[in-house]
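Read the figures in this text as sums done on the coordinates, not as results from a lab. Please read these numbers as outputs of a predicted model, since none were measured by experiment. Here the Cβ is made from the backbone with ideal geometry for all residues, glycine too, and neighbour counts use every protein chain on show.
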């Protein structure tokens, strides 16, 4: 079996696609989280249309977003009104890339990010 076939077999065993999926923006509310996947990935939180946080979930995007909604991750992100997500098998690395791109463009991290993952 070739390397690609091995990788595909591992991904299908985990129930994960090799391809990432990206959502549109949704309300950050319990009903709004119903469509968030129970998969690893990265997410963006917005308040008044402004990006305030870039985060990642190693296991479940839905669970991580719910923790932010409930204030378990701090008051800054609890004030978010909307979110967007992207599934990925490498959420920590993807979050680092997104934060580095943001910092390069704006000279700082998003308001509620205090450090790189």
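Neighbouring Cβ atoms within 10 Å as the yardstick, rank 64, 59 fewest first.
Listing 64, 59 from fewest to most nearby Cβ atoms yields 59, 64.
Please compute the length gained on full extension between residue 38 and residue 50, using 0.36 nm multiplied by the number of residues separating them and subtracting their Cα-Cα distance.
My answer for the length gained is 1.8 nm.
Order by neighbour count: 22, 42, fewest other Cβ atoms within 10 Å first, most last.
By the 10 Å Cβ count, ascending: 22, 42.
Give me 65, 33 sorted ascending by neighbouring Cβ count inside 10 Å, so fewest comes first.
In increasing order of surrounding Cβ atoms, one gets 33, 65.
For the range 37-53, list residues with backbone N below 11 Å from a point placed 7 Å from the Cα of residue 81 toward its Cβ?
Residues passing the 11 Å test: 46-50.
Compute the length gained on full extension between residue 104 and residue 58: take 0.36 nm times their separation in residues and subtract their Cα-Cα distance, giving the result in nm to one decimal.
Between residue 104 and residue 58, full extension yields an extra 14.1 nm.
How many nm is it between the label spots at residue 72 and residue 29, if each spot is 7 Å from the Cα in line with the beta carbon?
Each label point lies 7 Å from its Cα, and together they span 2.1 nm.
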